[in-house]
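Have a look at the structure below, then the notes.
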Amino acid sequence: MLDLDFVRAQFPAFSVPDLQGQAFFENAGGSYPCAQVVDRLTRFYRERKVQPYAPYPVSRLAGEEMDEARTRLAALLGVARDELSFGPSTTQNTYVLAQAFRQMMQPGEVIIVTNQDHEANSGPWRRLEADGIVIREWKIDPETGHLDPERLAALLDDGVRLVCFPHCSNVVGEINPVAEITALAHAAGAFVCVDGVSYAPHGFPDVGALGADIYLFSAYKTYGPHQGIMVVRRALAEALPNQGHHFNGGTLYKRFTPAGPDHAQVAACAGMVDYVEALAAHHGTAPGEVAGLMRAQEEAVLRPLLEAVQGRNSVRVIGPVEAERRAPTIALALNRPAEAVAAELAAHGIMAGGGDFYALRPLQAMGVDLEKGVLRLSFTHYTSPAEVAQLIEALDAVL
């Protein structure tokens, strides 16, 4: 089992006096950063804040720290070093990729998107319809929010070039079978783009094993700085038109980052791997096994919360109610505005959010009143059973 005391000792937020007694349940909007990231970011700003890759010592060290982050993150994700890129956000990274596909594709060719996605992996692709690209929507079940692979199979044909879907929706929460869906798309000759923003915080995935051509997630939701992290596998990256400066087109990881990198934040991303390796060493296991420890902890803490909310007549749980099928991101449709309920919970020391969370399409498809929105309760492996008990007690008082 995960040593929760050791885990929480790695996060400065848990020792901040003003946060004592406050239970954090808006992790899907951004997790607490681990100490390893904070330390690396602070060191870079204090000691390395110069243009990197020049021959003088401090510049050389700055570049080495940036390279270290790319190398170690790529190894953790099971991909080649130059297949990993950093950008300002996942939304921006997806937009740049969409422009590359727009240049590569011909009018009449097809991109499949879902209505389970956060808008970041839906809107940029849908906009290509204005350029003659055909957009097909893989629809969720309006009752459960489930994405059925059989429905995708019916949409695939020789004209499909790309299939975009989430590893896990930021409101539905169900963990989609990425490897199965990817194999289905590849068999039809299509590339695959997976939005992993809502999944990666619950265990960094082996992207190489999943087989996706593109995998996107956000460092600031995986205990790191505010960066988008993007894997584009080599075959696709070399086929897509360069979106960076023309003189950078020969470097794979620079092809889809038109803006210059944020040197300090890229370097600080190595702290995310430091954290995973610290957990592995403390628990006597390999870094690749840490994701399993995280998920086991989350499922154990999630079960009592799901039991507490699913029996309420005034509450609709969006997505599955089995802890093993979903991430601990619980969206609740209520009979009153969710943002007001979140404000009431704050008086009980619960930090949560209400609204649509840029997931208007799945909420609309499931018949949720967007004026009320949903109350979203999201946590990660560092959340304690006591905090979940505090949340349940607060929900009893407020609902």
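Can you name the condition, by its number, that Gly224 falls short on among (1) crowded, with 24+ Cβ neighbours inside 10 Å; (2) under 25 Å from Val163 (Cα atoms); (3) in contact (Cβ under 8 Å) with a residue 40 or more places away in the chain?
(2)
With the structure loaded, tell me whether His246 is open to solvent by 20 Å² or more (accessible area, probe 1.4 Å), farther than 24 Å from Gly30 by Cα and in contact with a Phe, Trp or Tyr (Cβ under 7 Å, 6 or more places away or on another chain) or whether it fails that test.
The answer is no for His246.
Take the range 82-98 and flag every residue that is open to solvent by less than 10 Å² (accessible area, probe 1.4 Å) and without any contact (Cβ under 8 Å) to a residue 40 or more places away in the chain.
Hit for the range 82-98 is Ala98, nothing else.
Given (1) open to solvent by 40 Å² or more (accessible area, probe 1.4 Å); (2) modelled with pLDDT of 95 or more, where does Val266 come up short, assuming only one miss?
Looking at each condition in turn, Val266 falls short on (1).
Considering only residues that are without any contact (Cβ under 8 Å) to a residue 40 or more places away in the chain and under 9 Å from the mean Cα position of the chain (by Cα), look in the range 185-221 and name the one that is surrounded by the fewest Cβ atoms within 10 Å (Cβ to Cβ).
Ala200
Which members of the range 265-280 meet the condition of being closer than 12 Å to Gln10 by Cβ and of a type in the set (A, V, I, L, M)?
The answer is Met272, Val276, Ala278, Leu279.
With the requirement that a residue be open to solvent by less than 40 Å² (accessible area, probe 1.4 Å) and part of a helix (DSSP H, G or I), what does the range 53-75 give you?
Ser59, Ala62, Gly63, Glu65, Met66, Ala69, Arg70, Leu73, Ala74
Can you tell me which residues in the range 335-348 are over 10 Å from Leu377 (Cβ atoms) and in contact with a strand residue (DSSP E or B) (Cβ under 6 Å, 6 or more places away or on another chain)?
Listed by number, the residues that qualify are Ala338, Glu339, Val341.
Which of the following residues is crowded, with 16+ Cβ neighbours inside 10 Å, in contact with a strand residue (DSSP E or B) (Cβ under 6 Å, 6 or more places away or on another chain) and either small (Gly, Ala, Ser) or touching a residue at least 24 places away in the same chain (Cβ under 8 Å) (or both): Val79, Val38?
Val79
The values are calculated or read from the model by the stated rules, or taken from the named source; none is laboratory data. Here the structure is a predicted model, which means the values were calculated and not measured. Methodologically, a virtual Cβ is constructed for each residue, glycine included, from the backbone with ideal geometry; neighbour enumeration extends over all protein chains shown. Ligands, DNA and RNA are stripped out before the accessible areas are found, and what is left, the full protein with its side chains, is counted by its heavy atoms. Shrake-Rupley method; radii C 1.70, N 1.55, O 1.52, S 1.80 Å.
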